[in-house]
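Structure record follows, encoded as structure tokens.
The values are calculated or read from the model by the stated rules, or taken from the named source; none is laboratory data. Please read these numbers as outputs of a predicted model, since none were measured by experiment. Positions of Cβ are generated from backbone atoms using ideal geometry, with glycine treated the same way; all protein chains shown enter the neighbour counts. Accessible surface areas use protein heavy atoms only, side chains included; no ligands, DNA or RNA. Shrake-Rupley method; radii C 1.70, N 1.55, O 1.52, S 1.80 Å.
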Amino acid sequence: VSTSPGTDSADVFRRSWRAYEKFVTHNWMCHREVYAEVRRVAGRYQKDSLTIADFGCGDAACTAAALSDLPVSRFIGVDRVPALLDSAGERFRSRGCNVTLLEADLLSAVSQPPAEKVDLLLAAFSVHHLRSAEKQQFFTDARAWLKPGGRLVLIDLLTHSSDSRRQYLDRFARFLVRDCRAMSPDERQLVRDHMQSFDFPEPLPEWSRLLQTAGWNAPRLAFRDRRGFYMVLISAPAGSSV
Ligand SMILES: C[S@@+](CC[C@H](N)C(=O)[O-])C[C@H]1O[C@@H](n2cnc3c(N)ncnc32)[C@H](O)[C@@H]1O
């Protein structure tokens, strides 16, 4: 594995999805807990069809598994990595969904909302790749994707309020060494280099401020992991109830 951080925030996933899959398999990023929240929110729609857009979907393995017992009729997947998008598309096509795949940057994709809006907009472990002003733009444009009654599920990196970005990255680097034993030294280095170049976590008040400034309701904190790395926020466009 070459450990250079690459040219963009998707590069590490393009080159070594297998290393990322270790995080999922070992639940080091709490995929079980955070996707249980996705299932919980999606399950509230008592409808015979559910539509979802997944920004930074990767291979959408967790999204598909979380929604496996729900009547998903339409899936829109956004990612920069074509091979991952293909897998994501296959998972939903094989269950009869209408599938749209957008090989695009998060920001450019979100600026072009679909003619038919969706019930759920999921962004799982992707928006932290954007800088603050870009996050703000992402959330501003994302409102136009939702049907009335629709929800945003934001799963992302959360710093302690007292953490600087540097402290978060250092804490995570210690966690990688101490707890992620199934990673090779090269894989750990790859993760550290990617995070150093492309990961911009925020504290809860800042995530909340970014959302509200972009026209969303004050988000509900649905999950926060005990190590203090991740969160799930649920919100809806301002004026609707969460
Ligand atoms: C950490 S993975 C998350 C995958 C999946 N959502 C999950 O919950 O496990 C981040 C995904 O976002 C994609 N990605 C990162 N930066 C992106 C960008 N600027 N535009 C589009 N996709 C991006 C990566 O290719 C990768 O598939």
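Find how many whole Å separate the alpha carbon centroid of the range 145-205 from the alpha carbon centroid of the range 48-126. Using only Cα atoms, the two centres lie 22 Å from each other. Among 149, 58, 77, the largest mean-square fluctuation in a Gaussian network model of the chain (Cα springs under 10 Å) belongs to 149. Residues considered: 137, 46, 167. Largest GNM mean-square fluctuation over the chain, using C-alpha springs under 10 Å, is found at 46. The protection proxy used here, the mean number of other Cβ atoms lying within 10 Å of each residue, ranks peptides 50-56, 82-88, 181-187 as follows, highest first: 50-56, 82-88, 181-187. Taking Cα atoms only, the orientation of helix 82-93 departs from the longest principal axis of the chain by about 40 degrees.
Taken over the range 10-150, the convex hull of the Cα atoms encloses 106 Å³ per residue. A DSSP coil position with no more than 16 other Cβ atoms inside 10 Å describes the following trypsin sites (Lys or Arg not before Pro) in the range 72-176: 95, 117, 131. Start at zero, step by 10 Å, and the Cα-Cα distances of the chain spread as 7, 33, 39, 18, 2 percent across the bins. Cross-link partners for residue 135 among the lysines, with Cα-Cα distance under 28 Å and sequence neighbours closer than 8 places in the same chain left out: 22, 117, 147.
I'd like the orientation of helix 204-213 relative to the chain: the angle between its Cα long axis and the longest Cα principal axis, in ° from 0 to 90, rounded to 10. Computed tilt is about 40 degrees. The residues 92, 13, sorted by heavy-atom accessible surface at 1.4 Å with ligands and nucleic acids left out, run 13, 92 from largest to smallest. Give me the angle, in degrees from 0 to 90, between the Cα long axis of helix 31-43 and the longest principal axis of the Cα atoms of the chain, rounded to the nearest 10. Roughly 10 degrees between the two axes. Bridge orientation summary for the chain: considering DSSP beta bridges with both residues in this region, about 30 percent are antiparallel.
The charge dipole of the chain, taken about the Cα centre with unit charges on the Cβ atoms of Lys, Arg (+1) and Asp, Glu (-1), comes to about 640 debye, rounded to the nearest 20.
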